[in-house]
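Quick one: the structure is below, and I'll ask about it shortly.
The values are calculated or read from the model by the stated rules, or taken from the named source; none is laboratory data. All of these numbers come straight from a predicted model, not from anything done at the bench. Neighbour counts are summed over all protein chains in view; Cβ atoms, including those assigned to glycine, are modelled from backbone coordinates with ideal geometry. Heavy atoms of the whole protein, side chains included, go into the accessibility calculation; ligands, DNA and RNA do not. Shrake-Rupley method; radii C 1.70, N 1.55, O 1.52, S 1.80 Å.
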Amino acid sequence: EGIHAFVKVGMMEDDKFFEQAKDALIFKNSDGEYETLAEYLEKNKEKAEGKVFYSSDVNAQSNYINLFKNQGIEVLILDSFIDSHFINFMEMKNQNTKFSRIDSDVMDNLVDKEAQNDVIVDPKSNKTSSQVLEDLFKDNLKISDLKIKIENLKSAEIPGMLLFSEHMRRIHEMTSLMQQKDLGPLKDYTLVINASNPIVENLKKLSQEFNKDKEVELICNHIYELALLSQKQLPPEKMQGFLERSNKILELLSKG
């Protein structure tokens, strides 16, 4: 890894070195294999033409990596401290290629387009299934500026996930590096609720039952904080509340 970092720095600092070394530069992918950028683009051109999907933290982004792998899309591992700068450099040198971290967007390939979210399920308000679910989370999370998106992902394993703006995240990382201090968690993100997940499906049914408001609030907040936790975005001061909520959920389950 140290050699790769040294080569990347050399390529960014010397155009002649870049021209000599660009075709030999290899990247590690999520399967532990190594390949050149050209090989990656060729392998993934049918499902992600011109795009390079990467992970900056294999452990924190493991759910996202699995989503891509299940659809046959490779993910490159770019987790060194210089990679934010290197990605910008590579995009300048390869203007038809766009690098995108796997938690920056939900690709069409990951969405079940046959699932129906736009069917009206509430005749009184004329709201669709997606709108009802979005309102359910907004009302129970009570976070005014939180952006929420409802999708039917092809994988039903994940109830909720966070998406970060690629542009804003890069600015945040580069500012943090230049100021040589941790700027804290990035606040510009979208909570994606997976309507295909069994927990989310059960949540919709539970919300229609009488006197289940506390249980619904409990589950909505737990799904949100699980998404935060999986991306290492859960503030330390909220960890105690998360653990208490986990215990309450276990208590409800144990009652049968």
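Which condition number does D105 fail, the rest of (1) open to solvent by less than 70 Å² (accessible area, probe 1.4 Å); (2) modelled with pLDDT of 80 or more being met?
Among (1) open to solvent by less than 70 Å² (accessible area, probe 1.4 Å); (2) modelled with pLDDT of 80 or more, D105 violates only (1).
So N59 fits all but one of (1) within 30 Å of L177 (Cα to Cα); (2) in contact (Cβ under 8 Å) with a residue 12 or more places away in the chain; what number is the exception?
Only one criterion is unmet by N59, namely (2).
Tell me yes or no: at least one residue of the stretch 186-198 is among the hydrophobic types (A, V, I, L, M, F, W, C) and over 27 Å from K113 (Cα atoms). Write out each step before concluding.
Step one: filter the stretch 186-198 for residues among the hydrophobic types (A, V, I, L, M, F, W, C), giving 186, 191-193, 195.
In the following step, the residues that additionally are over 27 Å from K113 (Cα atoms) were identified as 186.
Within the stretch 186-198, one or more residues are among the hydrophobic types (A, V, I, L, M, F, W, C) and over 27 Å from K113 (Cα atoms).
Follow-up question, since we're still on this one. Quick one: which helices (runs of 4 or more DSSP H) sit completely within the stretch 162-256 and have at least 1 residues that are open to solvent by 30 Å² or more (accessible area, probe 1.4 Å), of a type in the set (K, R) and more than 18 Å from S56 (Cα to Cα)?
Numbers: elements: 166-179, 198-207, 213-230, 239-254.
Fully inside the stretch 162-256 and qualifying: 198-207, 213-230, 239-254.
Now for a different question. Restricting to the stretch 26-39, name every residue that is closer than 20 Å to H85 by Cβ, free of Cβ contacts under 8 Å to residues at least 40 places away in the same chain and buried (at least 16 other Cβ atoms within 10 Å of the Cβ).
Matches in the stretch 26-39: none.
OK, next. Restricting to the stretch 47-56, and then to whatever is out of contact with any strand residue (DSSP E or B) (no Cβ under 7 Å at 6 or more places or on another chain) and either at pLDDT 90 or above or surrounded by 15 or more Cβ atoms within 10 Å (Cβ to Cβ) (or both), can you tell me which residue is nearest to S104 (Cα to Cα)? Step through it out loud before you land on a result.
In the first step, residues of the stretch 47-56 are kept if they are out of contact with any strand residue (DSSP E or B) (no Cβ under 7 Å at 6 or more places or on another chain); the result is 47-49.
After this cut, where a residue has to be either at pLDDT 90 or above or surrounded by 15 or more Cβ atoms within 10 Å (Cβ to Cβ) (or both) as well, the list is 47-48.
Working: K47: 17, A48: 14 Å.
Among residues in the stretch 47-56 that are out of contact with any strand residue (DSSP E or B) (no Cβ under 7 Å at 6 or more places or on another chain) and either at pLDDT 90 or above or surrounded by 15 or more Cβ atoms within 10 Å (Cβ to Cβ) (or both), the one nearest to S104 (Cα to Cα) is A48.
Take K138 and tell me if it is without any contact (Cβ under 8 Å) to a residue 12 or more places away in the chain, assigned to a helix (DSSP H, G or I) and under 30 Å from D112 (Cα atoms).
Details: without any contact (Cβ under 8 Å) to a residue 12 or more places away in the chain: yes; assigned to a helix (DSSP H, G or I): yes; under 30 Å from D112 (Cα atoms): yes.
When the stated conditions are applied, K138 passes them.
A further question follows. Could you tell me which residue of the stretch 77-93 is surrounded by the fewest Cβ atoms within 10 Å (Cβ to Cβ), considering only residues that are assigned to a helix (DSSP H, G or I) and among the aliphatic types (A, V, I, L, M)?
Initially, the stretch 77-93 is screened for residues assigned to a helix (DSSP H, G or I), giving 83-93.
Filter once more, keeping what is among the aliphatic types (A, V, I, L, M): 87, 90, 92.
Working: I87: 21, M90: 21, M92: 9.
Within the stretch 77-93, the match that is surrounded by the fewest Cβ atoms within 10 Å (Cβ to Cβ) is M92.
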